[in-house]
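J.: Structure below; questions to follow.
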Amino acid sequence: MITSLTDEWNHLRGSKWIIFIFVAPLVAALFFGLMFSRNQLSETPVVVVDEDHSSYSRQLIEQINASPLMEVTNVFPNRLSPDILLANEQAVAVIAIPNGLQQRQDAGLSSSIGIWMDNTMPSSLSGIRPAIQEIVTTENTILAVTRLTQTGMNVESAKDIVSPLSLAQHLLYNPTSSYTGTMVIGFVNIVILMLTTGAAGAIAPRLRQEGKLLSVGSSPFQLWIRVLPYAILSTCSSLLSYGMLKQVGQLRFEVPPYVFIVPLLLYSMSLCLLAMFLGYSVQNVSKVGSRMSLILYPSFLVTGIQLTPLAFPTFFQITAWALPMNWLNRLIRGMAFRNGELGFYSVELGACILIIGIASLGIGFVLRRESRRPLLNLEVEAA
């Protein structure tokens with residue numbers, strides 16, 4: 001085993017993979033951390049169609065423009081089709097103020113303000129919905145309280161009638177809705193995954209081409225031990241990248257790094273062994289990358305990088321259990337963001353250990369089968 005480990009380490013020292021496994025994730029962390037440093041859209045462009053032309057409509061337009069989440073880029077006096085106003089992506093929403101708004105307000109009648117939103121990119125609307133809802137709610141409250149006070153009721157009693165129930169919201173663990181803890185760290189993990197699976201998956205095909213696959217016997221431990229340097233270096237690279245995101249992108253990382261080494265190392269080992277098992281039967285090292293897509297694409301899609309796994313059908317949620325990154329993302333959310341203790345996540349840690357065990361059994365099976373082929377050929381020739 002020591003011979004196999006030494007041989008693999010010498011191969012690593014002579015390759016550029018050690019440089020790539022540290023430089024590429026750090027560059028990705030720096031690039032994506034700066035790219036998403038704003039966290040959310042501010043001053044999203046909207047256009048207003050003002051058919052009322054009253055002082056009250058102008059007051060509403062000023063309130064919309066004063067919102068930090070919206071910017072009124074143009075005001076049109078007559079109705080136009082939203083298809084025309086949204087065609088060139090100069091705005092993402094059209095707000096229509098109807099004719100007779102102030103007259104109906106003075107008469108105590110209700111009115112409706114229309115808003116048409118370009119939902120081709122839903123993320124661009126994240127700030128508009130709560131902002132316009134807040135403006136409408138505030139206006140309704142002010143108008144209702146004003147009318148009640150005109151009947152002789154005091155202001156406090158009027159407020160109690162109009163708003164008898166208030167809501168106190170508390171956004172835990174990610175109060176600023178930062179993308180750093182979701183998409184950015186997901187992109188960095190995908191970069192590390194691509195490099196790690198590409199290297200670990202090529203171990204068996206490379207040894208086969210070099211004539212070393214069975215040179216030290218058919219014990220799977222001789223092959224298993226070779227993934228250890230890749231797992232350790234991948235773990236170190238991940239911790240350095242998370243540190244970069246904490247400095248550049250204000251990543252929330254509450255758990256001490258020395259505690260998170262344990263789940264991160266288990267994840268890296270499970271990822272390397274799974275990649276080795278899937279890449280074992282590849283005959284040419286140059287074709288290992290296409291085989292590793294069996295890990296890469298599902299990890300990117302169904303493990304919670306861009307969308308919560310709860311949004312997927314049950315079948316895809318269960319399918320994600322076979323992917324190490326699914327459990328890594330759950331560990332990051334639980335330990336790094338929620339500051340959960342290591343003992344709380346025995347299921348996630350156990351899942352990584354289970355993947356390690358199943359992949360190790362698979363490697364042992366295919367290695368033993370390949371080692372028996374020469375004996376079977378000799379028996380056939382002797383017969």
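The values are calculated or read from the model by the stated rules, or taken from the named source; none is laboratory data. Not measured: the values here are computed from a predicted model. All Cβ positions, even for glycine, are placed from backbone atoms using ideal geometry, and neighbour counts span all protein chains on display. Accessible surface areas use protein heavy atoms only, side chains included; no ligands, DNA or RNA. Shrake-Rupley method; radii C 1.70, N 1.55, O 1.52, S 1.80 Å.
J.: For region 174-195, give me the residue count where each residue is surrounded by 15 or more Cβ atoms within 10 Å (Cβ to Cβ) and part of a loop (DSSP other than H, G, I, E, B). Walk me through how you get there before you give the answer.
T.: Quick first cut of region 174-195, residues surrounded by 15 or more Cβ atoms within 10 Å (Cβ to Cβ) only: 174, 178-195.
Filter once more, keeping what is part of a loop (DSSP other than H, G, I, E, B): 174, 178-179.
Going through region 174-195 one residue at a time, the tally reaches 3.
J.: Looking only at residues that are open to solvent by 80 Å² or more (accessible area, probe 1.4 Å) and of a type in the set (D, E, K, R) in region 59-95, which one is farthest from Ser112 (Cα to Cα)?
T.: That would be Glu89.
J.: What's the number of the only condition in (1) assigned to a helix (DSSP H, G or I); (2) over 20 Å from the mean Cα position of the chain (by Cα) that Ser281 fails to meet?
T.: All conditions pass for Ser281, except number (1).
J.: Oh, and also: When both residues are 6+ apart or on different chains and their Cβ atoms are under 6 Å apart, which pairs have a first residue that lies in region 279-302 and is basic (Lys, Arg), and a second that is modelled with pLDDT of 90 or more and part of a helix (DSSP H, G or I)?
T.: Short answer, once both residue conditions are applied: Arg291/Leu278; Arg291/Gly279.
J.: Which residues, taken from region 222-232, are surrounded by 23 or more Cβ atoms within 10 Å (Cβ to Cβ) and among the β-branched types (Val, Ile, Thr)? Don't jump to the end; show me each part of the working.
T.: Within region 222-232, the first condition is being surrounded by 23 or more Cβ atoms within 10 Å (Cβ to Cβ), and the residues that meet it are 223, 226-227, 230.
Of everything in region 222-232, just one residue is surrounded by 23 or more Cβ atoms within 10 Å (Cβ to Cβ) and among the β-branched types (Val, Ile, Thr), namely Val227.
J.: Oh, and also: Say whether the condition of being among the hydroxyl-bearing types (Ser, Thr, Tyr) and in contact (Cβ under 8 Å) with a residue 60 or more places away in the chain is met by at least one residue in region 21-41. Walk me through it before giving the result.
T.: As a first pass, look at region 21-41 and keep what is among the hydroxyl-bearing types (Ser, Thr, Tyr): 37.
Now narrow it down to the ones that are in contact (Cβ under 8 Å) with a residue 60 or more places away in the chain: 37.
Scanning region 21-41 turns up at least one residue that is among the hydroxyl-bearing types (Ser, Thr, Tyr) and in contact (Cβ under 8 Å) with a residue 60 or more places away in the chain.
J.: Can I ask one more? If I go through region 155-173 residue by residue, how many of them are open to solvent by 80 Å² or more (accessible area, probe 1.4 Å) and either in a helix (DSSP H, G or I) or out of contact with any Phe, Trp or Tyr (no Cβ under 8 Å at 6 or more places or on another chain) (or both)? Steps first, answer last, please.
T.: So the first thing to find is which residues in region 155-173 are open to solvent by 80 Å² or more (accessible area, probe 1.4 Å), and the list is 156, 159-161, 164-167, 169-173.
Still in the running and either in a helix (DSSP H, G or I) or out of contact with any Phe, Trp or Tyr (no Cβ under 8 Å at 6 or more places or on another chain) (or both): 156, 159-161, 164-167, 169-172.
Total satisfying the criteria: 12.
J.: Would you say Leu251 is in a helix (DSSP H, G or I) and either open to solvent by 10 Å² or more (accessible area, probe 1.4 Å) or touching a residue at least 24 places away in the same chain (Cβ under 8 Å) (or both)? Write out each step before concluding.
T.: On the way: in a helix (DSSP H, G or I): no; either open to solvent by 10 Å² or more (accessible area, probe 1.4 Å) or touching a residue at least 24 places away in the same chain (Cβ under 8 Å) (or both): yes.
No: the conditions fail for Leu251.
J.: Out of region 254-267, which residues are over 21 Å from Thr303 (Cα atoms) and either in contact with a Gly (Cβ under 7 Å, 6 or more places away or on another chain) or crowded, with 18+ Cβ neighbours inside 10 Å (or both)?
T.: Here is the first cut: in region 254-267, the residues over 21 Å from Thr303 (Cα atoms) are 254-259.
Scanning region 254-267 gives a single hit, Val255.
J.: Quick one: in region 94-145, which of the residues that are part of a helix (DSSP H, G or I) and over 26 Å from Val162 (Cα atoms) is nearest to the chain's Cα centre (by Cα)? It would help to see each step written out before you state the result.
T.: Let us first name the residues in region 94-145 that are part of a helix (DSSP H, G or I), namely 101-106, 122-125, 128-145.
Now drop any that are not over 26 Å from Val162 (Cα atoms), which leaves 122-125.
On the way: Pro122: 16, Ser123: 14, Ser124: 17, Leu125: 19 Å.
Applying the filter and picking the extreme gives Ser123.
J.: Among Thr146, Thr120, Thr235, which is the only one that is surrounded by 21 or more Cβ atoms within 10 Å (Cβ to Cβ) and β-branched (Val, Ile, Thr)? Spell out the reasoning first.
T.: Numbers: Thr146 fails: surrounded by 21 or more Cβ atoms within 10 Å (Cβ to Cβ); Thr120 fails: surrounded by 21 or more Cβ atoms within 10 Å (Cβ to Cβ).
Answer to the check: Thr235.
J.: Looking at region 343-372 only, could you name the residues that are touching a residue at least 60 places away in the same chain (Cβ under 8 Å) and either closer than 21 Å to Ser241 by Cα or among the small types (Gly, Ala, Ser) (or both)?
T.: Across region 343-372, the qualifying residues are Ala359, Ser360, Gly362, Gly364, Ser371.
J.: Just name the residue that is nearest to Asn189 (Cα to Cα) out of those in region 285-316 that are outside any helix (DSSP H, G or I) and open to solvent by 80 Å² or more (accessible area, probe 1.4 Å).
T.: As a first pass, look at region 285-316 and keep what is outside any helix (DSSP H, G or I): 303-308, 312-313.
So of that shortlist, the ones also open to solvent by 80 Å² or more (accessible area, probe 1.4 Å) come out as 306-307.
Numbers: Gln306: 13, Leu307: 15 Å.
Only one residue fits best here, namely Gln306.
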